[in-house]
Amino acid sequence: MPDTTDRELTFAQAVREALAEEMRHDSRVCILGEDVAEAGTPFKVLSGLVEEFGTNRVFDTPISEAGFTGIAVGAAMTGIRPVVDIMFGDFLTLTMDQMVNQAAKIHYMSGGKWKVPMVLRTTLGASRRSAAQHSQSLHAWLCHVPGLKVVIPSTPADAKGLLKTAIRDENPVIFFEDKMMHHKLKGPVPTGEYTIPLGVAEVKRIGKDISLIATSSMVQVALGAADMLAEIGISAEVVDPRTLWPLDEKTLIDSAKKTSRAIVIDEGYGRYGVTSELASVISEGAFYDLDGPVLRMGAMHVPIPFSPPLEDLTVPTEKMLFDAAKKLCSKS
Amino acid sequence: MTPQTEEAVNTFSKELALHAYRQMLRIRMFEEQVNELYTRALMPGLAHLYSGEEAIAVGICEALKKEDYVTSTHRGHGHCLAKGATPNLMFAELLGKEAGYCHGKGGSMHIADPATGNLGANAIVGGSMGIATGAAFSSKYLKNDLVAVCFFGEGALGQGLLYEVLNIAQLWKLPVIYVCENNLYNEYTHYSETTAGDICARATAFGVKAETVDGQDVQAVYSKAKQLIDDARAGGGPAFLLCNTYRYTGHHVGDINRDYYRTKQEEQEWKTRRDPILLHGERLLHEGFTDKATLDALESEVREEMKAAVEFAIAAPYPALEEVEMHVYA
Ligand SMILES: Cc1ncc(C[n+]2csc(CCOP(=O)(O)OP(=O)(O)O)c2C)c(N)n1
């Protein structure tokens, strides 16, 4: 990354800046989604883009997730680079045929003749008291499908660099943003032009006793837990894969080999989820260097409830991670 | 004669009429060979034959430019050929060979060919409606004046995607023509059991102009298509074209015993009285465009072309096993 500055941006500002830069850089890049133009999305992530680029680049669509996602697939095949905005990750369900059976398959089924260079941006994450149809983290579903790439940044700087790369990628890329981070998370973002390659994890904090492998919002949780662990003399390393597919297996395995213990934490459901896959990768790659089983922490296996105290139970917290890490370190 | 049909006759020149006849024959003979390959157990998978419906693909594709886009369905051989695909590469694809359009990775239901604007056949009923509309979106965005045609069977009228994209195409005035091929059956069920209301009214409810045409009459299909396509290219927005037709064979080549959903007599009536190739041949003779001997000679010539293409495909090698992991990502 070029010269880091003191400049701090919110996650939403970083996303917006990435889009604006790519739209300036390439006239084929356009945005499709519900209330993306004047409204700038309900989360105000895209505010200001329509003022610069106009309604011929930023398209307000009807409430037709399958329709405009399908249109993006066809447009991507024929010379456009659309960025689709799916307001809540829960509504991904409505785009599934277009993403899973169309976008993900076209390059392969055509023997490499057609490409689908599109990005689908959407959200994940609970904690907004939004209840079960607006709180899910469904990224694992898309990781399961060959032909799709899945990006899940945890900081404003990563979001910007990864989104720029995703837009330039020749494949369908799904880009997940935690909706709690949009305006609450601020961080340093370099001023110059930069991109971050897909498939490269980053060690967010160096440690030697235990590896906390965390994604998206859970990176902040892991960093918080690492602070707590430091107070009792346990040195935790925090590793963020940043993209789930392609996956940087080596960095995860190397960290686990070094520390000999690992916990994987992700906001998606624990069962059959991202944590299961990452834990397997680490177990297979670092088994003989491990001092205990790789643990996984994800959302409880329930629809996310509305009632605040109930909702708070469903998502992993710093305290839960601290307790698990402490226990794992004391056993081995 | 209404002014419209007068114009149609004028634009359907002798040359075009003869070419359309040849194209329909090529589709029919192509599929004769497909049936044969399948029966001889040389062809893997499923094959859905288009026989009986040839006038639609040919009438529409003759009204398109080579660069214009089409999307197709599980019953897609006719659309591919009419848009300009080569039988050698199509048969190779049907047999899963390296030389096929998709290196043998797509098969009968997924032939795609950028060189002829073919965005791909699709095994999801209604699955390509977004893609075709998206191609029309990029045509408008890039101002390249291309038109996209979305072929689908009447069974796809049940899919919600159609109504999402009709709405958007009309709002944004996209150059896309939705071509509904009503061959009366959704797989093994008569469409009247699955389709409420009036088919064209579904499009006109969105303000999309809709027309109905005899899908067995290649000249009628061509002239309607030409009007709609030219209009879309000029910025007139989307259109819906309902083509009434019939498929002669089963839903797929293995669907032999079909008395439980339709009668032999019905099939026979369409084949003898409503066949698009017979009807068009009669017209060519009546207009004095050609003679019977020439038509017979053409038939043998096309049959030979298709046999040679099959031989090419049978002799062609399978893909190298390393291909299995290629083209997952671009
Ligand atoms: C979404 C979906 N549902 C079901 C099927 C199984 N299927 C394949 S073809 C077909 C019938 C299609 O009928 P129609 O659209 O009228 O086309 P036709 O076969 O008559 O050309 C069905 C149900 C499918 N391929 N895709």
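The values are calculated or read from the model by the stated rules, or taken from the named source; none is laboratory data. Predicted, not measured: the structure shown is a model, and the values here were computed from it. Please note: Cβ atoms are built from the backbone with ideal geometry, for glycine as well, and neighbour counts cover all protein chains shown.
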Test: residue in the stretch A:32-46 that is within 14 Å of chain B (Cβ to nearest Cβ), without any contact (Cβ under 8 Å) to a residue 60 or more places away in the chain, more than 30 Å from A:His144 (Cβ to Cβ) and outside any helix (DSSP H, G or I): yes
Test: residue in the stretch B:62-80 that is in contact (Cβ under 8 Å) with a residue 24 or more places away in the chain, of a type in the set (A, V, I, L, M, F, W, C) and within 16 Å of the ligand (Cβ to nearest atom): yes
Selection count where residues are of a type outside the set (Gly, Ala, Ser), over 19 Å from the mean Cα position of the chain (by Cα) and more than 14 Å from chain B (Cβ to nearest Cβ), scope the stretch A:100-132: 1
Subset of the stretch B:179-207 (residues that are without any contact (Cβ under 8 Å) to a residue 12 or more places away in the chain and within 16 Å of the ligand (Cβ to nearest atom)): B:Ser192, B:Glu193, B:Ala196
For B:Ile124: the one exception among (1) closer than 30 Å to B:Ala17 by Cα; (2) assigned to a loop (DSSP other than H, G, I, E, B); (3) within 16 Å of the ligand (Cβ to nearest atom): (1)
B:Gly155 vs. criteria assigned to a loop (DSSP other than H, G, I, E, B), of a type outside the set (A, V, I, L, M, F, W, C) and within 16 Å of the ligand (Cβ to nearest atom): no
Residue match in the stretch B:78-96 (condition: in contact with a strand residue (DSSP E or B) (Cβ under 6 Å, 6 or more places away or on another chain) and assigned to a loop (DSSP other than H, G, I, E, B)): yes
Residue check for B:Glu187: within 14 Å of chain A (Cβ to nearest Cβ) and acidic (Asp, Glu): no
Every residue from the stretch A:77-94 that is away from the ligand (no atom under 16 Å from the Cβ), more than 7 Å from chain B (Cβ to nearest Cβ), in a helix (DSSP H, G or I) and of a type outside the set (Phe, Trp, Tyr): A:Gly89, A:Asp90, A:Leu92
Some residue of the stretch B:97-108 being in contact with a Gly (Cβ under 6 Å, 6 or more places away or on another chain), part of a helix (DSSP H, G or I), within 29 Å of B:Asn244 (Cα to Cα) and at the interface with chain A (Cβ under 9 Å from one of its Cβ atoms): no
Check on A:Asp97, more than 13 Å from chain B (Cβ to nearest Cβ), farther than 26 Å from A:Ala157 by Cβ and either among the acidic types (Asp, Glu) or part of a loop (DSSP other than H, G, I, E, B) (or both): no
Pairs where the first residue, in the stretch A:141-152, is buried (at least 23 other Cβ atoms within 10 Å of the Cβ) and the second is among the charged types (D, E, K, R) and assigned to a loop (DSSP other than H, G, I, E, B), C-beta under 9 Å, 6+ apart: A:Lys149/A:Asp169; A:Val151/A:Arg242; A:Ile152/A:Arg242
A:Arg205 being surrounded by fewer than 17 Cβ atoms within 10 Å (Cβ to Cβ) and either at pLDDT 95 or above or not β-branched (Val, Ile, Thr) (or both): no
Unmet requirement for B:Tyr178, which otherwise passes all of (1) in contact with a helix residue (DSSP H, G or I) (Cβ under 6 Å, 6 or more places away or on another chain); (2) crowded, with 24+ Cβ neighbours inside 10 Å: (1)
Selection within the stretch B:218-257 - more than 19 Å from the chain's Cα centre (by Cα) and farther than 28 Å from B:Glu15 by Cα: B:Gly235, B:Gly236, B:Gly237, B:Gly254, B:Asp255, B:Ile256, B:Asn257
A:Ala18 being out of contact with any His (no Cβ under 7 Å at 6 or more places or on another chain), touching a residue at least 40 places away in the same chain (Cβ under 8 Å), under 19 Å from A:Ala166 (Cβ atoms) and facing another protein chain (nearest Cβ under 10 Å): no
Top-ranked residue of the stretch B:117-139 - restricted to ones that are at the interface with another protein chain (Cβ under 7 Å from one of its Cβ atoms) and touching a residue at least 40 places away in the same chain (Cβ under 8 Å), ranked as farthest from B:Pro319 (Cα to Cα): B:Thr133
Number of the condition not met by B:Asp145 [criteria: (1) over 22 Å from B:Asp230 (Cα atoms); (2) in contact (Cβ under 8 Å) with a residue 40 or more places away in the chain; (3) away from the ligand (no atom under 16 Å from the Cβ); (4) not hydrophobic (A, V, I, L, M, F, W, C)]: (1)
Per-region count, the stretch B:250-278, residues away from the ligand (no atom under 16 Å from the Cβ), assigned to a helix (DSSP H, G or I) and loosely packed, with under 15 Cβ neighbours inside 10 Å: 8
Single residue of B:Pro114, B:Pro87 found to be free of Cβ contacts under 8 Å to residues at least 24 places away in the same chain and not acidic (Asp, Glu): B:Pro114
Test for B:Ala210: is it more than 12 Å from the ligand (Cβ to nearest atom), touching a Phe, Trp or Tyr at 6+ places or on another chain (Cβ under 7 Å), closer than 30 Å to B:Ser13 by Cα and within 13 Å of chain A (Cβ to nearest Cβ): no
Members of the stretch B:279-325 that are closer than 15 Å to B:Ala99 by Cα and not in a helix (DSSP H, G or I): B:Ala316, B:Pro317, B:Tyr318, B:Pro319, B:Ala320
Candidate set from the stretch B:165-178 (those that are away from the ligand (no atom under 16 Å from the Cβ) and under 18 Å from the mean Cα position of the chain (by Cα)); member that is farthest from A:Gly67 (Cα to Cα): B:Ile177
Among the residues listed as B:Leu162, B:Leu119, the single one being more than 16 Å from the ligand (Cβ to nearest atom), buried (at least 23 other Cβ atoms within 10 Å of the Cβ) and of a type in the set (A, V, I, L, M, F, W, C): B:Leu119
